[in-house]
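Student: Encoded as structure tokens, here's the structure I'll be asking about.
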Amino acid sequence: MTHQHFQTVEGVLNWNAPLYRLYEKAKQNGKWNPRDIDFTQDKIDYENMTEDEKITIAPLIASFSAGEEAVTLDILPMVQVMARQGRLEDTMFLTTFMFDQAKHTELFSRWQEEMGLGDLDLSAFHSDSYKRIFYEKLPEAMERLNRDDSPNAVIKAATVYNMVVEGILAETGYYSFREILKKANLLPGILQGIDYLNQDEGRHLQFGIYTIQRLSIEHDPSFNIFNDFIDELWPDALGVIEYLTSLYDLQMAQDWTESKLQLDSEKMKQYAIRQYEIRKKQVNRGSSYQRVSELNESMIRNNSLRSS
Amino acid sequence: MGEFVKPTIGEVFQMIDAAIKHEPEKTTGKEGVYQFNLQGDTEVTYQLIIDEEGPRAVEGKKKDADVTLIMKEDNFRKLVEGTLNPTAAFMSGKLKVKGNMGLALKLQTVLNAFEF
């Protein structure tokens with residue numbers, strides 16, 4: 001690829017581009033450092049937890065560690081698509097996105113190290129559904145962007161990455177962490193990290209929603225590509241959650257289990273279903289626009305991407 | 001008085017086999033193929049099979065495993081004796097699990113149900 005011109009020589013950045021606004025927001029709100037989180041109380045709590053309580057949270061840790069690593073490694077083709085297509089503001093936002101994902105990976109790895117879990121292989125907690133999404137569908141959809149940056153391919157990549165992995169699974173995971181640990185008043189350090197992740201993820205979701213809406217308005221006004229693909233992925237997304245809750249329920253059904261940790265499995269599944277419905281609704285709102293300029297104007301008008 | 005001779009791993013599994021066949025009802029709800037890859041002087045493999053043909057412990061790989069548990073022979077003996085539980089073994093890295101984690105969780109219930 002060669003450059004034919006430079007936007008910032010011929011003019012300046014588009015300060016009103018939705019993803020420039022998001023970039024500003026990321027610079028302002030994404031300043032946290034995983035290394036600054038104090039895990040002292042987490043260590044005390046973790047040492048005092050029973051083995052059964054430790055194994056209750058292990059599947060969540062196993063899901064997030066691999067999940068954050070996967071999204072860190074797999075985002076690169078999306079950045080290259082935006083760069084190749086000359087979307088400078090989108091590319092600038094994605095530099096913060098990549099940095100966020102790297103910090104999320106660091107957070108869990110640090111926590112595992114501090115709790116003495118550094119050498120423990122937790123991959124047995126990855127169910128078949130989890131593997132289909134994180135080991136197969138996600139990298140396949142992202143890798144495809146290296147040779148195909150058609151609207152179809154980008155919509156599908158953003159659907160699995162932003163809407164399913166981040167918008168359904170990560171959001172439900174945060175909810176589970178809070179449900180289990182806040183009630184038990186345990187592990188404040190990792191909970192603080194989860195709050196930061198959640199805030200970062202909000203911006204990532206906005207990227208995904210906007211990108212899918214923008215491309216659908218231009219190339220797929222019925223939004224079928226998005227709707228069909230998220231529906232195709234949904235059984236495995238729910239399968240991930242059902243597996244996690246089934247392990248909890250199974251553990252609690254054993255008469256030897258010593259655990260005061262509580263998780264309402266049905267509530268967690270309902271939460272995931274709600275996330276699925278919300279993501280569909282958010283993206284499909286874009287179908288009311290005829291042109292991308294209308295979508296952009298609406299976003300600016302509603303101040304949904306204000307930098308503060 | 002003669003010196004206590006530790007049973008071989010083969011004898012331990014014969015004991016498990018006898019116990020579960022004597023009281024098969026205790027394995028109801030724990031159906032599956034539990035495979036044990038045990039590391040001692042050499043690596044040996046046994047399976048605890050709980051299916052419609054009744055529970056049994058066998059040497060080698062007779063069926064596809066639903067869950068594979070990998071550990072040292074000594075730690076396996078402790079599991080059977082009840083001085084080490086599978087959850088603690090897993091969380092301390094003494095037990096590695098591949099496959100169905102739910103079945104692995106049930107292993108302790110199976111072991112607890114018998115006096116070996």
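The values are calculated or read from the model by the stated rules, or taken from the named source; none is laboratory data. Given the structure is predicted, the values throughout are model-derived calculations rather than measurements. Counting neighbours? That spans all protein chains shown, and the Cβs are built from the backbone with ideal geometry, glycine included. Ligands, DNA and RNA are excluded from the accessible area calculation, which covers all protein heavy atoms including side chains. Shrake-Rupley method; radii C 1.70, N 1.55, O 1.52, S 1.80 Å.
Student: Run down A:295, A:305 and say which single residue is modelled with pLDDT under 95 and not polar (S, T, N, Q).
Tutor: Unique residue meeting the criteria: A:305.
Student: Do we have any residue at all in the range A:166-177 that's outside any helix (DSSP H, G or I) and open to solvent by less than 20 Å² (accessible area, probe 1.4 Å)? Explain how you work it out, then say what you get.
Tutor: Step one: list which residues in the range A:166-177 are outside any helix (DSSP H, G or I), which gives none.
There is no residue in the range A:166-177 that is outside any helix (DSSP H, G or I) and open to solvent by less than 20 Å² (accessible area, probe 1.4 Å).
Student: If you scan the range A:267-277, which residues turn out to be open to solvent by 30 Å² or more (accessible area, probe 1.4 Å) and within 18 Å of residue A:235 (Cβ to Cβ)? Reasoning before the result, please.
Tutor: So the first thing to find is which residues in the range A:267-277 are open to solvent by 30 Å² or more (accessible area, probe 1.4 Å), and the list is A:267, A:269-271, A:273-274, A:276-277.
Residues satisfying the conditions are A:269, A:270, A:271, A:273, A:274, A:276, A:277.
Student: In the list A:141, A:158, A:124, which residue meets the criterion of being surrounded by 16 or more Cβ atoms within 10 Å (Cβ to Cβ), touching a strand residue (DSSP E or B) at 6+ places or on another chain (Cβ under 6 Å), in a helix (DSSP H, G or I) and not polar (S, T, N, Q)?
Tutor: Matching residue, one of A:141, A:158, A:124: A:124.
Student: While we're looking at this one, here's another question. Here are some residues: A:106, A:51, A:69, A:114. Which one is open to solvent by 10 Å² or more (accessible area, probe 1.4 Å) and within 14 Å of chain B (Cβ to nearest Cβ)?
Tutor: After ruling out the rest, the residue left standing is A:51.
Student: Quick one: in the range B:15-25, which of the residues that are open to solvent by 70 Å² or more (accessible area, probe 1.4 Å) and more than 11 Å from residue B:116 (Cβ to Cβ) is nearest to the chain's Cα centre (by Cα)?
Tutor: B:21
Student: From A:290, A:213, A:199, grab the single residue that is modelled with pLDDT of 95 or more and not in a helix (DSSP H, G or I).
Tutor: Result of the check over A:290, A:213, A:199: A:290.
Student: Would a scan of the range A:241-258 turn up a residue that is open to solvent by less than 50 Å² (accessible area, probe 1.4 Å) and under 18 Å from the mean Cα position of the chain (by Cα)?
Tutor: yes
Student: I'm checking my understanding of the structure. Among residues of the range B:82-99 that are among the aliphatic types (A, V, I, L, M), surrounded by fewer than 23 Cβ atoms within 10 Å (Cβ to Cβ) and facing another protein chain (nearest Cβ under 8 Å), which one is nearest to residue A:258 (Cα to Cα)?
Tutor: B:88
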